[in-house]
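First up is the structure itself, then whatever we jot down about it.
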Amino acid sequence: MNINSILDKDIEIFNLIVNSPNETKKYWEYISLKKNKIICEYGENCDYFYIIVSGYANIYHTSEKGKTYSQSIYIKGDYIGELEIFTNRPFICGVEAMTDISLIRMEKSLFLDWVKNDIKALYYLMNTLCKNSYELSKKASDDTLYSLKFRICDYLIQCKENEDYYRNYKIFLSKKHLSEKFVVTKRSVNRILKEFSDKGLIDIESSYIKIKDLNGVISERESERYL
């Protein structure tokens, strides 16, 4: 398969690949997986660097008792395996396809050669890794400093303001995902969602949430900010 034809040139990392030497491009492998397939298993060796071409992947941790924590949902252009490759460690998270998904991947040693010899690719990875680290630090602070109600409001607002997230609300705004994202019981999430539903801020369709009154959700968040 011609890799140039499957990559969205508007995404920076794909543009870097398309403009890389043919000697580098030939080492990328295209793979396609069905929904619910495991892409990477926690604790396994990391042999490839992956980039999502289409679809969604859940990045998660599972405790010894089987409780799942969803750290993030990855979308087109997001990459997997860089932490493990650069530190030569096994996967710190599991990665599961939330939808049918397609990816490109490059074997570990070839990936390291690529970034050593392509300063633009290395700069891109450093830049995005710093941004991701910043967001994870912010999330850790919010999880410690703010109530569950505040955090749910904040997440609902982010999803509503992101067209791609809200278009796919059955992925990003499911009760199950909220429970796993905030590492709380479904009962705790349902209590807050019922309050919002009673106030006319959201609709709950089966296990999915649709936002009716964004300004109302923003007001609820701000009322929680200084509690």
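Quick notes on this structure:
- Residues of region 67-82 that are open to solvent by 50 Å² or more (accessible area, probe 1.4 Å) and either touching a helix residue (DSSP H, G or I) at 6+ places or on another chain (Cβ under 8 Å) or modelled with pLDDT under 95 (or both): Lys67, Tyr69.
- Asp203 satisfies every condition listed in (1) part of a strand (DSSP E or B); (2) open to solvent by 40 Å² or more (accessible area, probe 1.4 Å); (3) in contact (Cβ under 8 Å) with a residue 12 or more places away in the chain except (3).
- Residue check, Ser54 surrounded by fewer than 16 Cβ atoms within 10 Å (Cβ to Cβ), out of contact with any helix residue (DSSP H, G or I) (no Cβ under 8 Å at 6 or more places or on another chain) and in contact (Cβ under 8 Å) with a residue 40 or more places away in the chain: yes
- Filter pass, Ile209 being over 19 Å from Leu145 (Cβ atoms), crowded, with 16+ Cβ neighbours inside 10 Å and at pLDDT 95 or above: yes
- Exactly one residue among Ser72, Ser102, Ser133 is assigned to a helix (DSSP H, G or I) and of a type outside the set (Phe, Trp, Tyr), and that residue is Ser133.
- For region 97-113, a residue qualifies if it is open to solvent by less than 50 Å² (accessible area, probe 1.4 Å) and either under 20 Å from Ile75 (Cβ atoms) or among the hydroxyl-bearing types (Ser, Thr, Tyr) (or both), and the qualifying residues are Ala97, Met98, Thr99, Ile101, Ser102, Leu103, Ile104, Arg105, Met106.
- Which numbered condition Ile59 fails, given (1) open to solvent by less than 20 Å² (accessible area, probe 1.4 Å); (2) free of Cβ contacts under 8 Å to residues at least 12 places away in the same chain; (3) of a type in the set (Val, Ile, Thr): (2)
- Cβ pairs under 9 Å, 6+ apart, first in region 114-132 and surrounded by fewer than 11 Cβ atoms within 10 Å (Cβ to Cβ), second part of a helix (DSSP H, G or I): Lys116/Leu122
- Flag if Tyr27 is at pLDDT 95 or above, assigned to a strand (DSSP E or B) and in contact with a Leu (Cβ under 8 Å, 6 or more places away or on another chain): no
- The conditions of being among the acidic types (Asp, Glu), modelled with pLDDT of 95 or more and on the phi < 0 side of the Ramachandran plot are not met by Glu135.
- So Leu7, is it closer than 30 Å to Cys159 by Cβ and assigned to a loop (DSSP other than H, G, I, E, B): yes
- Restricting Phe49, Phe14, Phe86 to those that are over 17 Å from the mean Cα position of the chain (by Cα), open to solvent by less than 80 Å² (accessible area, probe 1.4 Å) and modelled with pLDDT of 95 or more reduces the list to Phe14.
The values are calculated or read from the model by the stated rules, or taken from the named source; none is laboratory data. Just so it is clear, the model here is predicted, and its values are computed rather than measured. Positions of Cβ are generated from backbone atoms using ideal geometry, with glycine treated the same way; all protein chains shown enter the neighbour counts. SASA here: full protein model, heavy atoms, side chains in, ligands and nucleic acids out. Shrake-Rupley method; radii C 1.70, N 1.55, O 1.52, S 1.80 Å.
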